[in-house]
1. May I ask you to say which residue of Ala235, Ala223 is assigned to a helix (DSSP H, G or I) and surrounded by fewer than 18 Cβ atoms within 10 Å (Cβ to Cβ)?
2. Collect the residues in region 55-79 that are touching a residue at least 60 places away in the same chain (Cβ under 8 Å), farther than 11 Å from Ile231 by Cβ and polar (S, T, N, Q), keeping them in residue-number order.
3. Assess whether Ile233 counts as being closer than 30 Å to Pro45 by Cβ and either touching an Asp or Glu at 6+ places or on another chain (Cβ under 6 Å) or of a type in the set (Lys, Arg) (or both).
4. Might you check whether a residue that is on the phi < 0 side of the Ramachandran plot, of a type in the set (Lys, Arg) and more than 30 Å from the chain's Cα centre (by Cα) occurs anywhere in region 287-299?
5. May I ask you to say which residue of Lys280, Lys299, Lys320 is of a type in the set (Lys, Arg) and either closer than 30 Å to Arg63 by Cβ or in a helix (DSSP H, G or I) (or both)?
6. Within region 304-341, count every residue that is surrounded by 15 or more Cβ atoms within 10 Å (Cβ to Cβ), under 26 Å from the mean Cα position of the chain (by Cα) and not charged (D, E, K, R).
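FYI, it's all coordinate maths here, none of it is from the lab. Note that the coordinates shown come from a computational prediction; the quantities given were computed from them, not determined experimentally. Because the Cβ atoms are built from the backbone with ideal geometry, glycine has one as well, and the counts that use them run over all protein chains shown.
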Amino acid sequence: MKIDLRKLLSVTILPIILLTCSYYFLPQLSKPLPEAIQVVLPYLPFIIFIIGIGLSWVFHHSREFNLFLLFTIIYIALDNYIWAPGLKVDFKLAYLLIVSLIPINFLINFLLKERGILNQYGIRRFIILAAQLYLIVWLLEHPYPALKEAITISYFKYSVLKITSISQPLLLAIAITGVIILVRLIQTASILVSGIFSSFIAITIAVHFYQQPQLATLFILLAGLLILISIIINAYSLAYLDELTNLPSRRALVQSISTLGKNYSIAMVDVDHFKKFNDKYGHDIGDQVLKKLASQLRKVRGGKAFRYGGEEFTVLFPNKNLSEARLFCDELCKNVENSPFMLRNKNRPKTKQEELKGKQRDAIPLTITISIGLAERTQDLTTAEDVLKQADKALYKAKNNGRNQVAI
């Protein structure tokens, strides 16, 4: 399994910062807040949950939609069963049943595929959640001693396990659920999975601090915010990042062009003979070539690369004249040519050990080259659109002159 550490860090850095700051300021959060905030605080989670439910609906994220419903239910349940004085129910059983909603529903919503909200699959999720709520209410009204004994049993006597009121069976369920989500996060480096995993931590911390309503409310609020932020960042990524190469997309290019000053150059980059390459080796291999090229473009000096479309890319060189940008483009051409793409056979080794033993000797090194057209803003080319068109003309000049070169 190949892990993209750069992408994984990019999708987890914000949740890590938020959770770390929350832990660091824990003593301050435990103190009474200003009166104005205390008045508003009980309503803030509902505001975040409503916004989250709305955005989940707009972007068809059924998993996040149901998790916002879960947070709402947990918050209401804590307020009515745990924080309400004089309620005639088994307090400990009520608390543990509320906690049990977390691993059960995170696991259900995480394992089920994303298939929409208002359809048979979405309705099935609602029914599962409603059945759990009905069962909790029924169990509180009709106590079943064997159930309470099962979920409160202590297998280990370690002192570290006594710092929380969450029972050991539920801690085990929470740990298993957390590991499953974490493994998926490492595999996919998805911002949405990152939001789910970090909110899972936050909501678990919230129920741990159930005896401090203010602190629990703040962590429930944080759980909702983490998923909300992940939805917003994911929406931005879909709009402004190319899904295949993870480079900024054409829409991002249009925005960046509008911010250029009066001194800049623009390069149009195209993979040489890409159509023939696709026809010979298949589109899957072609996609891998584009990803490899994107990794080179991401490191281009003096400029920023964008996916223009197909096998074409654009590089903006702000505050760079033609001669300066030419040096960077020549360097890019050489780097791409000197980084052969290894075409592996279909029977490639499944493990690193097999590969090291020499069973991958028949991998074919394929040389990939690019052609680049370069233009700069001048008195005749006053708009970025004109410079872009001129760079495109220069690109065809590079191809007609034999490819694997820079034309201006």
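1. It is Ala235.
2. Ser62, Asn66
3. no
4. Checked against the condition, which is being on the phi < 0 side of the Ramachandran plot, of a type in the set (Lys, Arg) and more than 30 Å from the chain's Cα centre (by Cα), region 287-299 yields no hits at all.
5. Sole residue among the options that is of a type in the set (Lys, Arg) and either closer than 30 Å to Arg63 by Cβ or in a helix (DSSP H, G or I) (or both): Lys280.
6. So the count comes out to 6.
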